[in-house]
Each structure stands twice: as structure tokens, then as C-alpha cells.
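Take a look at the structure below.
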Amino acid sequence: MPLVEISVVAGRPPEKIRDLIHQVHAAVRDSLDAPDAAVRVLVREIPPEHWAAGDITKAEQEASHER
């Protein structure tokens with residue numbers, strides 16, 4: 001049973017996350033010839049305050065662009 005875990009910064013509309021799940025599900029199903037019911041897709045939405053690169057959180061980066 002394939003399991004795909006995806007982490008993204010929170011804030012996208014639910015329909016974008018749903019489309020991501022659909023597209024990833026189809027790609028895994030088709031590439032592995034897996035039955036639909038066997039494919040698992042888990043999307044974790046991480047708050048921008050908890051996502052950092054180069055010691056700058058996504059929230060800090062967004063705030064600096066708003067000024």
C-alpha cells in the first residue's frame with residue numbers, strides 16, 4: 001500500500017489541496033499499477049511560523065514583503 005506524505009505551508013485554498021491529492025493519487029496509481037483503494041495521500045499543512053529556511057520563517061518572510 002503506497003503512502004505519500006506531503007508537507008506544505010498552510011494557507012492554500014481547500015480546493016488546491018484537494019487537487020493536489022487527486023493529482024498525486026493518480027500519479028502513484030498509474031506509475032505503480034496500484035488499486036485506487038491502496039493509495040494513501042497525507043497532506044500536512046504547517047503554520048508559516050513553523051516553516052523556516054535560512055533561519056527565517058515563512059511568516060517573517062511574508063511580513064517583510066508586506067512592508
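The values are calculated or read from the model by the stated rules, or taken from the named source; none is laboratory data. Being a predicted model, the structure only gives us computed values, none of them experimental. Positions of Cβ are generated from backbone atoms using ideal geometry, with glycine treated the same way; all protein chains shown enter the neighbour counts. Heavy atoms of the whole protein, side chains included, go into the accessibility calculation; ligands, DNA and RNA do not. Shrake-Rupley method; radii C 1.70, N 1.55, O 1.52, S 1.80 Å.
The apolar share of the surface of the chain, taken as the fraction of accessible area on carbon and sulfur atoms (1.4 Å probe, ligands and nucleic acids excluded), comes to 53 percent. Among the protein heavy atoms, those of residue 18 account for about 140 Å² of accessible surface (1.4 Å probe, every chain in place). Charge tally around residue 9: other residues with Cβ under 9 Å, Lys/Arg +1 each, Asp/Glu -1 each, net +1.
With P(r) over Cα pairs in 10 Å bins from 0, in percent defined as stated, name the option among (i) 19, 51, 24, 6, 0; (ii) 19, 38, 26, 14, 3; (iii) 24, 60, 16, 0 computed from the structure displayed. Given (i) 19, 51, 24, 6, 0; (ii) 19, 38, 26, 14, 3; (iii) 24, 60, 16, 0, the calculated one carries the label (ii).
Amide H contacts of residue 46: 8, 9, 10, each under 5 Å away and 5 or more positions distant or on a separate chain (H built 1.01 Å from N in the peptide plane; Pro and chain starts excluded). Using a probe of 1.4 angstrom and keeping all protein chains present, the accessible surface of the chain works out to 76 square angstrom per residue.
Highest average first, the peptides 47-58, 19-30 ordered by how many other beta carbon atoms sit within 10 Å of their residues are 19-30, 47-58.
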